[in-house]
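Below is one structure, written out as structure tokens, with a few remarks after it.
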Amino acid sequence: MAALSYIWVLVLIPILTKKDDEYVQFHAKQGLVLFIGSFVVMVLGMIPILGWLIILPLGWLAIIVLSILGIVNALAGKKWEMPFLSKYAKKINL
């Protein structure tokens, strides 16, 4: 269930179904921040030239890499904190 947290909109499943599981909620909060971050990348990616050539490709690459690392660590049973984004995930109360 924790691994689902890193697959875009599927983050809603662990958030809504596993409210009592601290481990799943840890990963769900990080997945939610990553999900919101994907929208930020999409919006900034609409900026002509700079967005199309730099922000969009690098942003999606970062999101994909962080998602894969999150899934791998969730399946391994580790509480891995994402660089830069974990501080925002800690502030979320679900």
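The values are calculated or read from the model by the stated rules, or taken from the named source; none is laboratory data. Note that the coordinates shown come from a computational prediction; the quantities given were computed from them, not determined experimentally. In this analysis, Cβ positions are derived from the backbone assuming ideal geometry, glycine residues included, and neighbour counts consider all displayed protein chains. In case anyone asks, the SASA skips ligands and DNA or RNA and just uses the protein heavy atoms, side chains included. Shrake-Rupley method; radii C 1.70, N 1.55, O 1.52, S 1.80 Å.
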**OP:** Would you check which residues across segment 4-29 are assigned to a helix (DSSP H, G or I), touching a residue at least 40 places away in the same chain (Cβ under 8 Å) and farther than 17 Å from Leu61 by Cα and list them?
**Re:** Ser5, Ile15, Tyr23, Gln25, Phe26, His27, Ala28, Lys29
Original post:
Which of (1) out of contact with any helix residue (DSSP H, G or I) (no Cβ under 6 Å at 6 or more places or on another chain); (2) within 21 Å of Ala76 (Cβ to Cβ) is the odd one out, the single condition Met46 does not satisfy?
Top reply: (2)
Original post:
Within segment 61-79, can you find the residues that are of a type in the set (A, V, I, L, M, F, W, C), surrounded by 15 or more Cβ atoms within 10 Å (Cβ to Cβ) and free of Cβ contacts under 8 Å to residues at least 60 places away in the same chain?
Top reply: Ala62, Ile63
Subject >> Unmet requirement for Leu32, which otherwise passes all of (1) open to solvent by 70 Å² or more (accessible area, probe 1.4 Å); (2) of a type in the set (A, V, I, L, M); (3) modelled with pLDDT of 90 or more >> reply: (1)
Subject >> segment 35-48 - residue that is aliphatic (A, V, I, L, M) and not in a helix (DSSP H, G or I) and, of those, surrounded by the fewest Cβ atoms within 10 Å (Cβ to Cβ) >> reply: Met46
Subject >> Test result for Leu58, open to solvent by 20 Å² or more (accessible area, probe 1.4 Å), out of contact with any helix residue (DSSP H, G or I) (no Cβ under 6 Å at 6 or more places or on another chain) and either more than 17 Å from Ala3 (Cβ to Cβ) or touching a residue at least 40 places away in the same chain (Cβ under 8 Å) (or both) >> reply: yes
